[in-house]
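The values are calculated or read from the model by the stated rules, or taken from the named source; none is laboratory data. The model shown is predicted, which means the values in this text are computed figures rather than measured ones. Positions of Cβ are backbone-derived with ideal geometry, glycine not excepted, and every protein chain shown enters the neighbour counts. Surface areas here come from the heavy atoms of the whole protein model, side chains and all, with no ligands, DNA or RNA. Shrake-Rupley method; radii C 1.70, N 1.55, O 1.52, S 1.80 Å.
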Amino acid sequence: MKYLIDSANAADIKKVLEYFPCEGVTTNPTIISREKGDLKNILKSIRNVIGDDMQMHAQVMADDCYGMVEDAKALADFIGGNVYIKLPANPEGLKACRELKKEGIGVTMTAIFSPQQALLAARAGADFVAPYVNKYDDVGDGVRLVGEIAQIYAQFGLETKILSASFRNVEQVTSVALAGSDFITLPPAFYEKLIWHPMTDLAVKGFEKDWYTVYEKSPKGLI
Ligand code: E4P
């Protein structure tokens with residue numbers, strides 16, 4: 001499973017990328033609206049931080065196929081580089097997905113809450129599907145949803161990637177990795193939770209205590 005950053009804040013994204021091995025950024029209208037700025041400026045500042053090779057997922061706002069395709073083309077043109085346009089998993093989104101794939105534009109079908117939505121998205125040519133794990137936990141089992149999608153894709157040799165979204169705890173993250181999620185997207189603050197463990201801190205403290213009992217402290221470390 002590979003990691004993406006669920007954020008539209010360029011400074012936060014830059015900080016995460018300094019420390020964590022992520023493949024790109026996902027946004028959605030809610031995440032963009034939190035920045036309270038001009039859409040183009042926000043998208044450009046993210047692209048500047050991540051470069052052209054990293055994935056960038058950005059979502060349409062239109063609610064019919066025609067408008068979605070127009071939004072998608074404008075976003076793809078403007079963002080450039082390795083870009084995927086997020087479309088909602090409904091009939092208009094499915095139709096728009098087929099149109100965009102004819103034109104070679106990358107697509108992520110989002111707000112996936114059932115295996116059938118994921119199967120239809122894959123058959124329509126989507127590059128990614130984004131099941132919402134924690135949100136689905138309110139009415140069902142988000143990890144199981146990811147597992148079922150993975151099983152169906154494997155069974156029929158479908159190459160659409162699963163990009164799991166919406167998490168509340170580290171356990172859910174590990175569970176979707178085991179269930180077969182190809183990618184996961186997490187808000188910047190979540191990354192500290194993934195790497196932190198009290199036993200690691202304890203082990204490091206033990207090394208320090210033993211080392212400095214014998215050797216002098218050097219500001220550079222060993223030498
Ligand atoms: C999808 O684009 C988002 O990652 C998802 O909606 C976030 O879900 P949350 O609001 O449960 O964190």
Relative contact order [Cα under 8 Å, 6+ residues apart], the chain, whole percent
17
Residues of the chain: accessible area per residue with a 1.4 Å probe, Å²:
56
If you roll a 1.4 Å probe over the chain with all protein chains in place, what percent of the accessible area is carbon or sulfur?
54
Loop only per DSSP, at most 13 neighbouring Cβ atoms within 10 Å: give me the trypsin sites (Lys or Arg not before Pro) in region 141-212, ordered by residue number.
R168
Multiply the residue gap between F20 and Y212 by 0.36 nm, knock off their C-alpha separation, and tell me the result in nm, one decimal place.
66.2 nm
Inter-label distance, nm, simple model (7 Å from Cα along the C-beta direction), L178/K44
4.7
Of region 145-183, those with amide N under 20 Å from the point 7 Å along the Cα→Cβ vector of D201 are 169-171
Could you give the dipole magnitude of region 43-178 about its Cα centre, charging the beta-carbon of Lys and Arg +1 and that of Asp and Glu -1, in debye to the nearest 20?
140
Please build a GNM for the chain, connecting alpha carbons under 10 Å apart, and tell me which residue among G51, G157, G93 fluctuates the most.
G157
Convex hull around the C-alpha positions of region 120-193: the volume in Å³ per residue is 83
Give me, ordered by chain and number, the residues 5 or more places off T160 or on other chains with an amide H under 5 Å from its own placed amide H.
none
At q = 0.07, 0.09, 0.13 Å⁻¹, what log₁₀ I(q)/I(0) does the chain have when each alpha carbon counts as one equal point scatterer in the Debye sum?
-0.26, -0.41, -0.75
Between T30 and K193, the FRET efficiency computed from the C-beta separation at R0 = 22 Å comes out, to the nearest 0.05, as 0.60
If you line up the long axis of helix 10-19 against the longest principal axis of the chain, both from Cα atoms, how many degrees apart are they, to the nearest 10?
50
Through the Karplus equation 6.51 cos²θ - 1.76 cosθ + 1.60, θ set to phi - 60°, convert the phi angles of region 153-158 into ³J(HN,Hα) values in whole Hz; use x for Gly and Pro.
4, 5, 4, 9, x, 8
Note down the nm distance, to one decimal, between modelled labels 7 Å out along Cα→Cβ at K102 and at D53.
3.4
Can you tell me the length gained on complete extension of the stretch D141 to K2, counting 0.36 nm per residue apart and subtracting the Cα distance?
47.9 nm
Under the rule of at least 5 residues apart or a separate chain, name every residue whose amide H is placed under 5 Å from the amide H of F167.
N134
